[in-house]
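What follows is calculated from the coordinates using simple rules that are stated; it is not laboratory data. Because the structure is a prediction, the values reported are computed rather than measured. FYI the Cβ positions are ideal-geometry reconstructions off the backbone, even for glycines, and counts take in every protein chain you see.
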Amino acid sequence: MKALLLNGSPRKGNTCAALDALKKGMANIQGLELKEVVAEQVSVSPCIACESCGSNSHCVFEDDTNDIVDAVVAADILVFATPVYWWGMTAQLKTIIDKFYSRSKDLHDLKKQVGVIVIGEAQQDDPQYEIIPKQFACICGYLGWEIAFSKTYTAAAADDLAKSDEAMKEIEMLWKNFK
Ligand SMILES: Cc1cc2nc3c(=O)[nH]c(=O)nc-3n(C[C@H](O)[C@H](O)[C@H](O)COP(=O)(O)O)c2cc1C
């Protein structure tokens, strides 16, 4: 089984802490091949709607797009983890997701289990914690992927989430949602 974690944060902060805890738990999945893509550390040009991919399912940019989208196609488990930036996911993560368009024919109705982790500074009654998970639900619904978990956390300073034993323990156990 293959897992791909897409980390949308540009800093070593709360999203990294969440994914570290998740990876610790996912180590319990027998034979799992786990890969993480940190959106900030890869080169992915924004989609320019050239539609070249429509004929060959291949993005024209000679950057990391095609390798990442190949890894998305191959993954049995996909985790989207993002800080909240202006009531949305980060541009870095969204830029990668936009590139799913280049293989959209191949991405539909694959047996894929998805985890979503959203971390913002605002308290949990903020609409962003409905808007962003809903966006992921729409993307997954469109592609026919199953959402195994969708969690939101409040954390502001880079080390806030790591200081919450409750959050860390909960995230470490999320792997159990993958069948
Ligand atoms: C450009 C920018 C925009 C942000 N916008 C929001 C926002 O709309 N809502 C919110 O709750 N937090 C917002 N934040 C705070 C981050 O979501 C918060 O600090 C989060 O814990 C960062 O995660 P990280 O440590 O993984 O990078 C913003 C931070 C930045 C840098």
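Remarks
- Single residue of the range 57-107 satisfying the filter (surrounded by fewer than 19 Cβ atoms within 10 Å (Cβ to Cβ) and among the small types (Gly, Ala, Ser)) that is farthest from LEU19 (Cα to Cα): SER57
- Restricting the range 50-68 to residues that are over 29 Å from LYS179 (Cβ atoms) and assigned to a helix (DSSP H, G or I), the residue that is nearest to the ligand (Cβ to nearest atom): THR65
- Residue in the range 91-100 that is touching a helix residue (DSSP H, G or I) at 6+ places or on another chain (Cβ under 9 Å), under 24 Å from LYS12 (Cβ atoms), within 16 Å of the ligand (Cβ to nearest atom) and part of a strand (DSSP E or B) present: no
- Only one of GLU130, GLU121 that is under 26 Å from LYS179 (Cα atoms), free of Cβ contacts under 8 Å to residues at least 40 places away in the same chain, surrounded by fewer than 16 Cβ atoms within 10 Å (Cβ to Cβ) and within 16 Å of the ligand (Cβ to nearest atom): GLU130
- Selected residue [within 27 Å of TYR129 (Cα to Cα), within 16 Å of the chain's Cα centre (by Cα) and away from the ligand (no atom under 16 Å from the Cβ)] from ALA71, ALA3, ALA17: ALA3
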